[in-house]
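What follows is calculated from the coordinates using simple rules that are stated; it is not laboratory data. This structure is a prediction, so every number in the text was calculated from the model and none was measured. Here the Cβ positions follow ideal geometry from the backbone for every residue, glycine too, while neighbour counts run over all protein chains shown.
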């Protein structure tokens, strides 16, 4: 199908977190396409949306509500939408998503079961290998993101048929679209994979360098949002901006012959 209409969709880049204090760690950047450039119009943690004192469950529900309330949108989400095919216990993606809470009662059980099934080897999906993702989906540093992202964001959207989750589902014009992105992989692809998270002068200089690069390419960033990204030492603000830019860079090629075949239609596909 033609994706000409995607140019009229708002773009959201989400730096996701499965932490207990997720509302302070999940940052969302919202942008609009203006001509051939992406203009970021808002960048903030979910805590600034009135969820600061809420727990993880309520926070993720607020994020889900944001997705469902913006039907003409494309969301770039920084968490895996699936797991390696060999660990899916014979299920297809749709069944796997629907039965996810029955398969794994907790985030720790998710990690433990997949470690056992893999022989304690950190198996990567095909897309993880191709985009040089830093971690497998049940790695110690990522498994909570994977678990809560699938359980509390992807699964409710699938069950309620409230979004198009690509490339596993067909594109529908009446719902928001979700794609999986990876800021680390995007930076590697741009030759920008340098340490940028931290309080030091070196890390702040790296954040400046990264923003300068994308602004030269096609990113318009108000001064106050640029300053916010520079001052956020954890790098979450910058990651959400990179996530939004990743969506912008692929939005006209979301239907790809490669992405709509195995194993990507079951494991997931990282767009970049």
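When the chain is fully extended, how far beyond the present Cα-Cα distance does residue 108 get from residue 188, taking 0.36 nm per residue of separation?
25.8 nm
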Segment 100-184 - percent relative contact order, Cα under 8 Å, separation 6 or more: 22 percent
Protection proxy ranking, peptides 59-72, 105-118, average beta carbon neighbours within 10 Å, highest first: 59-72, 105-118
0 to 90° range, to nearest 10: angle between helix 201-217 axis and the chain longest Cα axis: 90 degrees
Alpha-carbon Debye profile of segment 1-129, log10 I(q)/I(0) at 0.14 Å⁻¹: -0.83
Potential lengthening between residue 132 and residue 57 on full extension [0.36 nm per residue; Cα-Cα distance subtracted]: 23.9 nm
Shape category assigned to segment 192-272 from the gyration tensor of Cα positions, a/c cut at 1.5: prolate
If the convex hull is drawn through the Cα atoms of segment 65-210, its volume per residue in Å³: 141 Å³
Degrees, to the nearest 10: 236-250 long Cα axis against longest axis of the chain: 80 degrees
Computed helical MRE - 222 nm, the chain, DSSP H runs ≥ 4 contributing -39500 (n - 2.57), nearest 500: -11000 deg cm²/dmol
Stretch gain in nm, segment residue 204-residue 72, where the contour uses 0.36 nm per residue and the Cα spacing is subtracted: 44.1 nm
Whether segment 105-170 is rounded, prolate or oblate, judged on the alpha carbon gyration tensor where a/c under 1.5 counts as rounded: oblate
Estimated FRET transfer efficiency when R0 is 35 angstrom, pair residue 173-residue 140 (beta carbons, to 0.05): 0.30
Pairs of alpha carbons in segment 75-134 whose separation is greater than 18 Å (percent): 39 percent
Rg/Rh ratio calculated on Cα atoms of segment 4-267 (Kirkwood radius): 0.94
Angle between the chain longest axis and helix 107-117 axis [Cα atoms, degrees, rounded to 10]: 60 degrees
Taking the chain and dividing mean pair separation by its residue count, relative contact order in percent (alpha carbons under 8 Å, at least six apart): 29 percent
Cα shape, segment 33-98, gyration tensor, a/c 1.5 rule: oblate
